1. If amide H atoms are built 1.01 Å from N in the plane of the peptide, which residues on other chains or at least 5 residues away come under 5 Å of the amide H of Ala27?
2. Using the Karplus equation 6.51 cos²θ - 1.76 cosθ + 1.60 (θ = phi - 60°), what ³J(HN,Hα) coupling, rounded to whole Hz, does each residue of the range 38-47 give in order, writing x for Gly and Pro?
Amino acid sequence: MHFKWTICANIHSVQEKIILSYFSHPATTESVIKIIDKLKNNMTCGPDLLLVRIIKEVKHEIAEPLSKLKNESIEQGICAENLKETKLIAIQKNKIALN
């Protein structure tokens, strides 16, 4: 699946168009199970308030609906608001002293 979005951004007081391209392979039941298996077994909940241990216990029951949800979300260009948020942290590179 390949999708393109056009975003109008106000950068330096100039209206600019930014075209974002996103490619994603369709999710399968097997790929969702592999991702769930890779989750760390910590005791804290994520934003969904579910423990990883519980997700792993029901992975075979939820893998197919999750793969369908992911594929339909990408096809329709719909994404939950809290998944659109991100934190960007600028990290300054170390300066190498020139002798």
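Just so you know, all these numbers are worked out from the coordinates, no wet-lab data involved. This is a predicted model, so every value here is computed, not measured.
1. Those qualifying (amide H under 5 Å, at least 5 residues apart or on another chain) are Asn71.
2. The phi angles translate into 7, 5, 6, 7, 8, 9, 9, 8, x, x Hz.
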